[in-house]
1. Taking the stated definitions as given, is residue 97 surrounded by 13 or more Cβ atoms within 10 Å (Cβ to Cβ), modelled with pLDDT under 95 and farther than 19 Å from residue 122 by Cβ?
2. Could you tell me whether residue 25 is over 21 Å from residue 112 (Cα atoms) and under 18 Å from the mean Cα position of the chain (by Cα)?
3. Considering only residues of segment 44-59 that are of a type in the set (D, E, K, R) and out of contact with any Pro (no Cβ under 8 Å at 6 or more places or on another chain), which is least open to solvent (accessible area, probe 1.4 Å)?
4. Among the candidates 103, 41, single out the residue that is more than 16 Å from residue 10 (Cβ to Cβ) and either open to solvent by 20 Å² or more (accessible area, probe 1.4 Å) or at pLDDT 90 or above (or both).
5. Return the pairs, sorted by first residue and then second, in which the second residue is open to solvent by less than 70 Å² (accessible area, probe 1.4 Å) and part of a loop (DSSP other than H, G, I, E, B), the first residue lies in segment 64-79 and is closer than 16 Å to residue 92 by Cα and among the charged types (D, E, K, R), the beta carbons are less than 9 Å apart, and the residues are 6+ apart or on different chains.
6. List every residue pair whose Cβ atoms lie under 6 Å apart, where the two residues are 6 or more positions apart in sequence or sit on different chains, the first residue falls within segment 104-118 and is acidic (Asp, Glu), and the second residue, located anywhere, is crowded, with 18+ Cβ neighbours inside 10 Å and modelled with pLDDT under 95.
7. Taking segment 18-38 as the region of interest, how many residues are of a type in the set (Ser, Thr, Tyr) and either closer than 19 Å to residue 85 by Cα or loosely packed, with under 13 Cβ neighbours inside 10 Å (or both)?
8. Quick test of your reading of the structure: residue 71 fulfils all but one of (1) within 16 Å of the chain's Cα centre (by Cα); (2) at pLDDT 90 or above; (3) open to solvent by less than 80 Å² (accessible area, probe 1.4 Å). Name the failing condition by number.
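The values are calculated or read from the model by the stated rules, or taken from the named source; none is laboratory data. This one's a predicted model, so the numbers in the text were calculated from it and none came from an experiment. Every residue, glycine among them, receives a Cβ derived from its backbone with ideal geometry; neighbour counts consider all protein chains shown. Please note that ligands, DNA and RNA were not included when accessible areas were found on the heavy atoms of the full protein model with its side chains. Shrake-Rupley method; radii C 1.70, N 1.55, O 1.52, S 1.80 Å.
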Amino acid sequence: DDLSSSSKGDSPVVVAADKREAFEKHLCKVKLTITFPSSLTYLPDGENVAGEYTVFFATAQDDGAVSAVGKQVQSVKFPATTLEAVKRRPFTHSTVLVVRAGTQTLSVAVFDRYGARTGYARTTINAR
């Protein structure tokens, strides 16, 4: 399946879905990899800087049924002296999503808490 899509919004976001894996009756697990710029807004925290992002997920089936919105909050903290090096490489957020069997449209949003910027991506998952 390995589908990916680019984004819209304030920051570019790419979501890639690995091959599905059977889970329970009528459900599948899909590993997702979300990639986005590491240029979040960071706040000073002693000799460190700290930021936070939230990844939101929702799926829609061909018949129009929409899932509840899920979210994962991730704090990041590292030495302030490494900020420029960190910003040169994108962040990668990996997770496993449980979806209904069938074709799903997956929508993902990544929100920078302190910078109030959001990036979006969408892809299709074939969970048959």
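1. So residue 97 does not fit the description; no.
2. Numbers: over 21 Å from residue 112 (Cα atoms): yes; under 18 Å from the mean Cα position of the chain (by Cα): no.
Here the answer is no, as residue 25 does not meet what is asked.
3. Narrowing segment 44-59 to residues of a type in the set (D, E, K, R): 45, 47, 52.
Checking the rest, the ones that are also out of contact with any Pro (no Cβ under 8 Å at 6 or more places or on another chain) come to 45, 52.
On the way: 45: 64, 52: 31 Å².
Residue satisfying both the conditions and the ranking: 52.
4. The match here is 103.
5. Close Cβ pairs satisfying both conditions: 77/42.
6. Every condition considered, the pairs that remain are 112/40.
7. The number of residues fulfilling the criteria is 2.
8. Here residue 71 meets the rest and fails (3).
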